[in-house]
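One structure is given here, and the rest of the page talks about it.
The values are calculated or read from the model by the stated rules, or taken from the named source; none is laboratory data. Predicted model, so just to flag it, every value in this text is computed and none were measured. Positions of Cβ are backbone-derived with ideal geometry, glycine not excepted, and every protein chain shown enters the neighbour counts. Just the protein is used for accessible areas: all its heavy atoms, side chains included, with ligands, DNA and RNA removed. Shrake-Rupley method; radii C 1.70, N 1.55, O 1.52, S 1.80 Å.
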Amino acid sequence: MASAAEELDAVVVGAGFAGLYMLHRLREKGLSVKVFEAGADIGGTWYWNRYPGARCDVESMDYSYSFDPELEQEWEWTEKYAGQPEILAYIRHVADRHDLRKDVVLRTKVTQASFDEDTSRWIVRTDQGHEVSAQYCVMATGCLSVPKFPEVPGLDRFSGPWYHTGLWPEGPVDFSGQRLGVIGTGSSGIQAIPHLAEQAGELTVFQRTPNFVLSAFNGPIDQERVADIKANYRQAREAARNSIFGIAVDMPTQSALEATEQERQAAYQKGWDRGHLNAIIQAYTDLIFNEESNETAAEFIRAQVRDKVDDPATAAKLEPRGYPFGTKRPCLDTGYYETYNLGHVHLVDLREEEILEITETGVRTTASEYEFDSLVIATGFDAMTGALLDIDITGKADQSLRQKWQDGPGTYLGLAVSGFPNLFTITGPGSPSVLSNMVLSIEQHVDWISDLIDHVAANGRSVVEAVDTAEKEWTDHVRAVGDMTLFPKADSYYIGANVPGKARVFMPYVGGVVGYRQKCDEVAGNGYEGFELH
Ligand code: NAP
């Protein structure tokens, strides 16, 4: 079989931020590379998530590649937080600038990747009939790319159109005057709802868990700040790399409980006014470790909800409770809470009534039946492992990744899996990934993998594999660091809780991007300890 396959040095799966940069770095070495991308265009997350209001919640100046200093200077972001069309335009621009498209095969889903132990090569197959043989296989499949649907039956029976935020169609979607239902109030729902409310005749939102939603204070980008960052971009990038989440903020020095109530309010207000995802959580040293400290920030945010929402009963439903602030991903909004002050917008609290099914005409709950013309499904993703396990990946001794990760993912540094030589996972489970500025983490992983590939060649070897003891030690460390925080207290996608039957294991590395980078550099500096070359 392998002899018939096209021979490549590397296959990259996915043409988002990660896959495109990986392609660029590998091609720079003179390697032959092909990228397979399921979408009809490049862009990954920013191709698929084109729902109304889709926008990044990391500031534009940070959420961009750093590898091309001229591009950094030339590209002009228009808003503090770029919208999906602008980010997609940026990705397309980068692809054209570096002539990346010629090695990307679009509308093609990788279905299978198996390691052939005789040839030490990956055989990769697609739904379009490709079969390629490659020395390296790099999974740039994204952490949030397999949409999750409500577990209730009936979506296929619904007679009107429905749209998942993560699979939004390319053409315009018009909800003018319609009765529209939205299920889900994570970042996607929260961004979409104010825009959907502008169109819909009646909008009904089904909320299962109220989120902590911070104001973005988005607007035209501050040109003074842009000039300042562009004049010092290297230092700005370095500061981001040396931060916890990949976004430089002033580091706290004090516990929330050491401050007076007045000092805390002032600190949280300052964080709130900054319009920044991490400004409040990083106001004190212990908000993510200590429930009592955390509650002081949570209560500050609940007070903002009460302030913004006119009807006290609706405000009470929207106030986030039941899990510590920051342990499910907080959201940044523009006008979310205020939307509930509009007469045609209704909130259904799924803690009071449960969805039983989606019917031909709408949604039936334990309390009522709601009729809709269209539905928006904003129920998120099978995060972190979903896209990897969607592909039938088999390593040495025919072991499948699905089997190996049955009780949760184990990786070495979130980059490699023992038993799966020459396979790399960009922003894989066990790396900071979703708890970081993704573009920064992607660049770090791609650069690191690229250096490791050089190391293999420089040693006259062709195969590199993570050692199982190193993998176990790292995976234990990831869990132990997670357990030191409040994160495991929430039913979040970080822990697989949003997908029924998924192993409940804390997946991202929460030790901070700075510590993580140091660990990766240390591993490389020690001759890639924890890896074996053959
Ligand atoms: P999400 O955060 O997982 O939110 C899904 C929402 O759907 C939650 O409110 C969830 O409730 C609800 N839900 C799930 N299953 C349900 C069911 N069967 N019935 C009723 N409600 C259900 O997904 P997301 O909003 O798509 O965001 C995912 C991640 O993508 C974000 O956390 C972020 O990392 C990224 N994202 C980023 C941006 C940005 O940069 N601005 C924008 C969008 C997304 P529970 O909480 O109870 O599970």
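Values computed for the structure shown
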item: Inter-site label distance for Arg321 and Leu342 at 7 Å from Cα along Cβ, in nm; result: 2.8 nm
item: Dipole magnitude (debye, nearest 20) for the stretch 430-481, charges at Cβ of Lys, Arg, Asp, Glu; result: 100 debye
item: Cβ-based net charge around Ala383, under 15 Å, with every Lys or Arg adding one and every Asp or Glu removing one; result: +2
item: When the chain is reduced to its Cα atoms, the Kirkwood hydrodynamic radius in Å; result: 24.1 Å
item: Value of relative contact order over the stretch 376-534, rounded to a whole percent, pairs C-alpha under 8 Å and six or more apart; result: 27 percent
item: Net +/- balance of residues flanking Asn294 in space, Cβ distance below 14 Å, scoring K and R +1, D and E -1; result: 0
item: Neighbour net charge for Lys396 - beta-carbon separation under 9 angstrom, K R +1, D E -1; result: -3
item: Check: the stretch 331-441 dipole with +1 on Lys, Arg Cβ and -1 on Asp, Glu Cβ, in debye; result: 900 debye
item: Dipole in debye (nearest 20) - the chain, about Cα centre, beta carbon charges: Lys, Arg +1; Asp, Glu -1; result: 300 debye
item: Quotient of C-alpha Rg and 2.2 N^0.38 Å, computed over the stretch 291-348; result: 1.17
item: Set Lys102/Lys148; Lys396/Lys489; Lys80/Lys317; Lys404/Lys502; Lys109/Lys148; Lys148/Lys519 screened for pairs whose C-alpha atoms are more than 25 Å apart; result: Lys102/Lys148; Lys396/Lys489; Lys80/Lys317; Lys148/Lys519
item: The chain: angle of helix 438-458 to the longest principal axis, Cα-based, in degrees nearest 10; result: 10 degrees
item: Mean accessible surface per residue for the stretch 195-247, computed with a 1.4 Å probe while every protein chain stays in place, in Å²; result: 46 Å²
item: The stretch 29-39 - phi-based ³J(HN,Hα) in whole Hz, Karplus 6.51/-1.76/1.60, Gly and Pro as x; result: 7, x, 7, 8, 9, 10, 10, 9, 9, 5, x
item: Order by protection proxy (mean Cβ within 10 Å, highest first), peptides 306-317, 76-87, 484-495; result: 484-495, 76-87, 306-317
item: Cα pair distances of the stretch 118-262 binned at 10 Å [whole percent]; result: 7, 20, 22, 24, 21, 5, 1
item: Unit charges at the beta carbon, dipole of the stretch 201-263: most positive-side option, Asn218, Gln235, Leu257; result: Gln235
item: Pairwise Cα inverse-distance average, inverted: Kirkwood Rh of the stretch 22-159 (Å); result: 17.5 Å
item: Mean Cβ neighbour count within 10 Å, used as a protection proxy, ranking 117-128, 91-102, 372-383 highest first; result: 372-383, 117-128, 91-102
item: 5 Å binning of all Cα-Cα separations within the stretch 441-514, expressed as whole percents from 0 upward; result: 3, 13, 16, 17, 19, 14, 9, 6, 3, 1
